[in-house]
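J.: Take this structure, written in C-alpha cells, and hold onto it; I'll ask about it next.
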Amino acid sequence: MSSYAASGVNIDAGNRAVELMRASVKSTYGPEVLAGIGSFGGLFDASALKALSEPVLVASTDGVGTKVKLAAQVGRYKSIGHDIVNHCLDDILVQGARPLFFLDYIASSKLDPEMIAAVVAGMAAACRESGCALLGGETAEMPGVYQPGEFDVAGTIIGLLDRAQILPRTTELRAGDVLIGLRSSGPHTNGYSLIRKIFQDIALDTYFEELNATLAGALLVPHRSYLPLLTANSQLPTTIKALAHLTGGGFIENIPRILPDRLDAQIDLGSWPVLPVFQLIQQRGEVDAEEMYRVFNMGIGMIAIVAPEDVSTMQAAIPEKTYIIGQLIRGNKKVVLA
C-alpha cells in the first residue's frame, strides 16, 4: 500500500469512479463540447452567443444541503444527482436563461466509485433532459474532513439569454397581477435539517399510508426542473413578468426577491393542495404555520406572475394543472399570507 493510500486517499478508487461515470457524462455531450472528461478544463463552443443581439451569461452555484445524509443512510444516490442539476436549472430559469453546461463537485470521507457513479448518472440524466452538457467536475476524497460514510455535492451551472429577455420585468409589475403556482414534487432540497430532526427516531423504511410511500421514498423524491413546463410554448416568455423559485426561505423569503418596493404578494392559503408530506412534517414537528411557509415550498415549487388578462393563456400553455395562488397588492416588498 502506498503512503498516500495509507493516509486515507485512494487514487485508484478515483480513477475507477471516472471510468464508471464516463459513459453517463459523455451522453450529455453535443457538438458544442470540444473537451470534457479527462481534460484539465472543459471546453465549450460559445458560437451560440453570436446569434443573440446582446448575449448575457447567467451563472449559479448551489448544493442540496443535508438531504445528502438521508441519501447516504438508505444508499440511494441517483436522485441526488437530479436534485443538484434541477435546483441550479431552476435558479437561472427565473431570470429567463437556458442552460449551456454544468459542473459538479462531490466530496466524501472515502471514495466509493459506485456511489460516485450513481450520483453522476443522476446528474447526467437531468442534464440530458434539459439539453445541458455535464462539462466537467471534481471528486475529492477528504478523510478527517467528512465523517465516514458521509458526502457532499455541489454544482455550478452556466446559462445564456438575450439581455432583452431578462426576468423579472420589475417595472411592469402592477397591483392586481396574478400569481400562478406550479406544483412541487416534495421538499425539493430545502428544510432537511428540520426534517431530519423531526423524524430522527423513525426508521426511513417506515411506510406511511398518508404518503402512499415509505418515509425515505417521500423525502428523496428529486427536485423538479421547471424548464420543460416553461419552455413548452413560445408565448410564455412574453406572457411572464416574473418567476420565483421557492427554495430555502419558502414563500416568505423568495417572493420578495422579485418584487419592487411598492408591492406586496398576497398568498391565498387553501388555493392549492398542500402535499401530504408537509402536513405530516407540520403535525409531527408541531411546526408553526408561518414557519412552514418560511422553510418549505408547501407544494408549490415555482411561481409565475402575469397580468390578469394573460392568466388563461398562461395556464393553457403549461401542460399540467396549475393554481392561481394569489395576487400583487400595494405594499412594501413583503409576503402576506391570507
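J.: Go through the stretch 159-183 residue by residue and tally those that are within 30 Å of LYS69 (Cα to Cα), surrounded by fewer than 21 Cβ atoms within 10 Å (Cβ to Cβ) and among the hydrophobic types (A, V, I, L, M, F, W, C).
T.: Residues in the stretch 159-183 being within 30 Å of LYS69 (Cα to Cα), surrounded by fewer than 21 Cβ atoms within 10 Å (Cβ to Cβ) and among the hydrophobic types (A, V, I, L, M, F, W, C): 0 in total.
J.: When you look at GLU54, is it surrounded by fewer than 19 Cβ atoms within 10 Å (Cβ to Cβ) and in contact with a strand residue (DSSP E or B) (Cβ under 7 Å, 6 or more places away or on another chain), yes or no?
T.: Yes.
J.: Which residue pairs have Cβ atoms under 9 Å apart, sit 6 or more places apart or on different chains, and have a first residue in the stretch 292-315 that is farther than 19 Å from LEU227 by Cβ and a second that is among the basic types (Lys, Arg)?
T.: Filtered contacts from the stretch 292-315: GLY299/ARG183; ALA307/ARG174; ALA307/LYS241; ASP310/LYS241.
J.: Here's something else I'd like to know. With the stretch 231-326 as the region, which strands (runs of 3 or more DSSP E) entirely inside it contain at least 3 residues that are over 18 Å from ALA175 (Cα atoms) and at pLDDT 95 or above?
T.: Result: 300-306.
J.: Here's something else I'd like to know. Given the criterion touching a Ser or Thr at 6+ places or on another chain (Cβ under 9 Å) and surrounded by 15 or more Cβ atoms within 10 Å (Cβ to Cβ), identify the matching residue among GLY155, GLY186, GLY149.
T.: GLY155
J.: Of all residues in the stretch 292-321, which are of a type in the set (S, T, N, Q) and crowded, with 21+ Cβ neighbours inside 10 Å?
T.: ASN297, the sole residue that qualifies.
J.: Kindly indicate the residue of the stretch 129-146 that is small (Gly, Ala, Ser) and assigned to a loop (DSSP other than H, G, I, E, B) and also surrounded by the fewest Cβ atoms within 10 Å (Cβ to Cβ) among those meeting that condition.
T.: GLY144
The values are calculated or read from the model by the stated rules, or taken from the named source; none is laboratory data. Model, not experiment: these values are computed from the prediction. Cβ: placed from backbone, ideal geometry, glycine included. Neighbour counts: every protein chain shown.
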